[in-house]
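The next block holds one structure in the form of structure tokens; read it before the comments.
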Amino acid sequence: MRFLDQNLEFTRLPGALESFHANADETQLSAFAAAVKQTGGRFVALWGSDERKRNSNAGGYAVHVAFGIAEGLALVTLPMHAENPEYPDLSEIFPAANRLQRTCFDLLGIRARGGDQRPWLRHANWPADYFPLRRDVDGARQFEAHNEDYAFVRVEGDGVHEIPVGPIHAGIIEPGHFRFSIVGEKVLRLEQRLGWTHKGIEKRFEQLPLAEAHKLAGRVSGDSTVAFAWAYCLAAESLAACTPPPRALWLRALLLERERVANHLGDLGALGNDAALSFGLAQFLRLKEDWLRLSGELFGHRFMMDAIVPGGVARDLPGGASEKIARQCNAIEREVRILKNIYDEHAGLQDRFLTTGRLNPALASALSISGLAGRASSQAWDLRTQFPITPYDQLDVRIATHRNGDVAARVTLRFEEVFESLRLTRIILTQLLENKSTEYFAPLPAAPDGAFGLGWIEGWRGDVLVALEAGPAGSIRRCHCHDSSTRTWPALEHAVMGNIVPDFPLINKSFNLSYSGQDL
Amino acid sequence: MYQLLKQILVTGIKTEAPPVADDALRVTTQRLEQAMLKTLGRALVIRHIDAGSCNGCELEIHALGNPYYNLEALGIRFAASPRHADLLLVTGPVASNMVVALQRAYEATPAPKLVVAVGDCGCNTGNCAGNSGGIFGESYASRGKVANVIPVDVAVPGCPPTPLALMQGILTAISGK
Ligand code: SF4
């Protein structure tokens with residue numbers, strides 16, 4: 001089948017997700033990317049793979065680009081020769097490709113022709129000609145650690161000076177480096193240097209059995225463990241032709257919405273705190289703790305890590321769980337409504353929130369922003385309604401969007417999404433009660449060598465993507481994980497421009513992006 | 001304002017009793033003298049360092065500040081700089097990219113300094129098959145457990161450790177033997 005009038009023949013990939021794959025040459029890839037851009041589609045992810053030694057006559061490398069189009073997820077693969085592997089620079093069409101292209105070179109040694117050529121995940125801690133994701137590299141070697149001299153972009157001018165922040169930050173957060181160029185209090189430019197928590201996740205996947213690596217996927221970004229585990233399992237189930245029982249899918253949705261609520265509660269508290277209302281932090285953290293405790297009691301883990309497994313879920317709800325969840329939903333809803341009123345009417349808070357850290361819709365679109373940050377800037381992307389997999393096809397999720405793109409919009413959106421997730425949870429509970437089956441797991445059949453599957457799930461922060469290729473005898477040949485943070489980080493550089501330095505923590509928190517999820 | 005005050009009153013005090021120290025968590029024997037521990041026990045300052053975690057451990061460290069655990073009520077608080085800290089709370093397998101930063105933070109912390117390694121990644125215990133670096137292991141990008149890079153006094157297993165386990169680890173680090 002063909003899309004967007006392009007000369008590219010796609011085939012439907014197996015599995016529940018509407019996903020399609022095509023092999024392309026350079027011209028076709030560039031043309032397709034341009035067509036996606038023109039028709040309002042979006043760039044989702046880019047990664048590379050080492051295709052050498054697959055069989056004796058074929059070889060080289062490949063770059064894979066995932067696009068979101070009206071029909072679903074369109075994956076385009078461009079094969080490359082083993083000597084001098086290069087591909088056309090896509091960052092001119094989609095700026096979000098920039099850091100991913102640099103990542104691709106750091107890990108695999110395949111280069112985009114043009115664009116930013118500075119390293120991204122590689123700091124000074126392994127040699128420039130060491131490419132850990134190549135098949136003839138085992139990835140075990142350790143090199144001496146050095147401090148890196150990174151070529152930041154300098155802002156010149158009268159009274160301009162720089163503030164370097166990080167990698168270790170002042171709060172309890174993940175490491176990253178921010179280089180502010182400022183005049184007085186005003187931020188002229190922010191440049192990020194990320195990659196500090198790169199711990200070789202993609203190489204590690206290749207050492208784990210396919211049937212067990214959902215645990216690693218669930219630790220790409222701990223706050224999104226459910227989303228990543230589901231995406232991984234969806235990919236694994238797609239390539240192994242496994243359909244989990246309906247009860248398992250309803251339970252997965254329950255977990256995903258619980259993860260959304262837990263994170264939103266925490267963020268709403270932290271956002272109040274960053275605008276000097278510590279009352280908000282205490283109240284919301286209390287609610288979050290209640291929420292986590294019930295998750296721990298019902299699913300055996302406060303963040304529900306390892307609750308989703310290939311083929312279904314690790315356990316069913318214990319007796320009496322439905323009543324407990326329903327009761328908690330009511331209690332949380334009542335309290336969050338009170339707190340929303342307090343936030344809405346707090347002049348000091350609103351003064352800090354409104355017009356701060358603005359990401360306008362046109363820019364959000366140009367930068368391929370999705371998820372929560374996107375919806376706060378008019379980007380109405382939500383996989384739960386666009387490409388709903390079971391049970392979201394029966395749930396009719398009402399997504400919230402805003403146009404202002406400021407901190408206030410991202411706060412309001414979180415409130416609305418908490419209420420919506422509570423509503424969905426009640427529907428899910430009813431379905432679980434009606435569904436009398438006790439089956440919550442179907443064994444994952446052995447995956448054929450070379451089988452490929454995709455998983456794409458709307459986590460609390462945005463979409464997460466897992467691309468998985470099986471190797472021989474239950475192994476993994478390649479697994480790429482993509483968190484929407486990777487695309488949203490550059491937007492933060494824009495959103496802080498013109499704001500004052502002391503508002504940066506608030507703006508940063510309003511996005512609350514994952515470092516680990518982008519560093520891998 | 002009325003609503004806000006009412007909410008505070010209605011909520012009441014939620015703080016629960018803290019756990020007691022557990023010597024099983026020690027990696028080395030207590031190095032500090034009783035008199036020193038007594039002082040620290042009343043006003044301990046912690047600097048948290050994420051050396052490469054998945055951010056799961058950070059979620060539980062955050063929870064230490066919620067009204068249930070209320071760490072500050074024990075005289076324990078988090079500081080923004082290692083120069084102000086008595087104890088480093090380190091999470092994650094140590095990413096190669098974080099080695100220099102972690103060493104510098106350790107050097108910047110005034111002696112006597114305590115280090116608590118957090119999570120299965122940071123220590124090599126727990127359900128991650130005793131792997132240094134937990135599920136991430138050791139590789140070109142990961143140095144594994146925290147003790148591979150800086151000296152560690154107490155290690156708290158768990159993925160992530162619960163807030164109670166974290167509190168217990170911190171209290172163990174400042175308890176005498
Ligand atoms: S111990 Fe677990 S939660 Fe903590 S950083 Fe490691 S994987 Fe994440």
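Sort A:TRP120, A:TRP456, A:TRP291 so that the residue with the fewest other Cβ atoms within 10 Å of its own Cβ comes first and the one with the most comes last. Walk me through the intermediate numbers first.
Values: A:TRP120 22, A:TRP456 26, A:TRP291 19.
Placing the least packed residue first, the sequence is A:TRP291, A:TRP120, A:TRP456.
Past 31 Å, Cα to Cα, is the threshold; run B:LYS38/B:LYS145; A:LYS186/B:LYS113; A:LYS37/A:LYS288; A:LYS215/A:LYS509; A:LYS215/A:LYS436 against it and keep the listed order.
Too far apart for the 31 Å limit: A:LYS186/B:LYS113; A:LYS37/A:LYS288.
Any idea how far the Cα center of region A:73-146 sits from the one of region B:155-172, in Å?
Rounded to whole Å, the Cα centres lie 38 Å apart.
Quick check on region A:475-520: take the gyration tensor over C-alpha atoms, sort the square-rooted eigenvalues as a ≥ b ≥ c, and tell me if it's rounded (a/c under 1.5), prolate or oblate.
On the way: a/c = 4.79, a/b = 3.18, b/c = 1.50.
The shape class here is prolate.
Please compute the length gained on full extension between A:ALA276 and A:GLU297, using 0.36 nm multiplied by the number of residues separating them and subtracting their Cα-Cα distance. List each step's numbers first, then the result.
Details: separation 21, 0.36 × 21 = 7.56 nm, distance 3.34 nm.
Fully extending the segment from A:ALA276 to A:GLU297 adds 4.2 nm.
From the residues A:ALA270, A:GLY109, A:ASN330, which one has its Cα farthest along the dipole of chain A in the positive direction, the dipole being from +1 and -1 charges on Cβ of Lys/Arg and Asp/Glu about the Cα centre?
Selected residue: A:ASN330.
Identify, among B:LEU102, B:ASN148, B:LEU25, the residue whose Cα sits farthest towards the positive end of the charge dipole of chain B, taking +1 on the Cβ of Lys and Arg and -1 on the Cβ of Asp and Glu, with the dipole about the Cα centre.
Farthest towards the positive pole: B:LEU102.
Measure off 7 Å from each Cα along the Cα-to-Cβ vector at A:ALA241 and A:ILE427, then give the distance between these two points in nanometres to one decimal.
3.3
Could you work out how much longer the chain between A:ASP5 and A:SER475 gets when fully extended? Use 0.36 nm per residue separation minus the Cα distance between them, nm to one decimal.
Gain on stretching A:ASP5 to A:SER475: 165.4 nm.
Looking at region B:1-104, which chymotrypsin sites (Phe, Trp or Tyr not before Pro) are DSSP coil and have at most 14 other C-beta atoms within 10 Å of their C-beta? Could you put the intermediate results ahead of the total?
On the way: sites: B:TYR2, B:TYR68, B:TYR69, B:PHE78; in loops: B:TYR68, B:TYR69.
The qualifying sites: there are none.
Tell me which DSSP H helices of chain A clear both cut-offs, 30 Å or more of axial length from alpha-carbon atoms and a mean Kyte-Doolittle hydropathy of at least -0.5.
Those that clear 30 Å and a mean of -0.5 are A:246-274, A:278-299, A:407-434.
Two decimals, Cα atoms only, Kirkwood Rh: what is Rg/Rh over region B:39-176?
Numbers: Rg = 13.8 Å, Rh = 14.5 Å.
Rounded to two decimals, Rg over Rh is 0.95.
Please enumerate, by chain and number, the lysines with C-alpha under 25 Å from the C-alpha of A:LYS53, excluding those fewer than 8 residues away in the same chain.
A:LYS203
So in region B:62-162, what percent of DSSP beta bridges are antiparallel if you round to the nearest 5?
Values: 1 of 9 bridges.
Percent antiparallel among DSSP bridges in region B:62-162 is about 10.
How far is it, in nm, from the label point at A:THR39 to the one at A:ARG398 when both lie 7 Å from their Cα along the line to the Cβ?
That separation, rounded to one decimal, is 3.2 nm.
Within straight cross-link reach of B:LYS14, meaning Cα distance under 16 Å, which aspartates and glutamates are found once same-chain residues fewer than 8 apart are removed?
Here the aspartates and glutamates satisfying the reach criterion relative to B:LYS14 are A:GLU289, A:ASP290, A:GLU335, B:GLU72.
Based on the alpha-carbon gyration tensor of region A:201-518, what equivalent-ellipsoid semi-axes (square roots of 5 times the eigenvalues) come out, in whole Å, largest first?
On the way: eigenvalues 217, 114, 49 Å².
That gives 33, 24, 16 Å for the three semi-axes.
Which whole-number percentage describes the relative contact order of region A:398-520, with Cα contacts under 8 Å and a sequence gap of 6 or more?
RCO, region A:398-520: 18 percent.
Would region A:11-113 count as rounded, prolate or oblate if I go by the C-alpha gyration tensor, calling it rounded below 1.5 in a/c and otherwise prolate when a/b exceeds b/c, oblate otherwise?
On the way: a/c = 1.94, a/b = 1.28, b/c = 1.52.
Oblate, since a/c reaches 1.5 and b/c is not below a/b.
Rounded to whole Å and sorted largest first, list the principal axis extents of the Cα atoms in the protein assembly as shown.
74, 59, 58
Modelling each spin label as a point 7 Å along the Cα-to-Cβ direction, I'd like the A:ASN330/A:GLU434 distance in nm, to one decimal.
2.1
List B:GLU72, A:GLU51 from most exposed to least, where exposure is judged by having the fewest other Cβ atoms within 10 Å. Let's see the in-between values first.
Working: B:GLU72 11, A:GLU51 20.
Ordered by Cβ neighbours within 10 Å, fewest first: B:GLU72, A:GLU51.
Once you treat every alpha carbon in region A:238-393 as an equal point and sum by Debye, what is log10 I(q)/I(0) at q = 0.13 Å⁻¹?
The calculated log intensity ratios at q = 0.13 Å⁻¹ are -0.80.
Test of understanding: express the Cα radius of gyration of region A:443-520 as a ratio to 2.2 N^0.38 Å, with N the residue count. Write out the running numbers ahead of the final one.
Working: Rg = 17.8 Å, N = 78, 2.2 N^0.38 = 11.5 Å.
For region A:443-520, the normalised Cα radius of gyration is 1.55.
Neighbouring Cβ atoms within 10 Å as the yardstick, rank A:MET304, B:MET36, B:MET98, B:MET1 fewest first. Write down the numbers at each step before the final one.
Values: A:MET304 25, B:MET36 14, B:MET98 31, B:MET1 8.
Least crowded to most crowded, the residues run B:MET1, B:MET36, A:MET304, B:MET98.
Read-outs: derived from the displayed coordinates by stated rules, not from any lab. Being a predicted model, the structure only gives us computed values, none of them experimental. Reconstructed Cβ throughout: ideal geometry from the backbone, glycine too, with neighbour counts over all protein chains shown.
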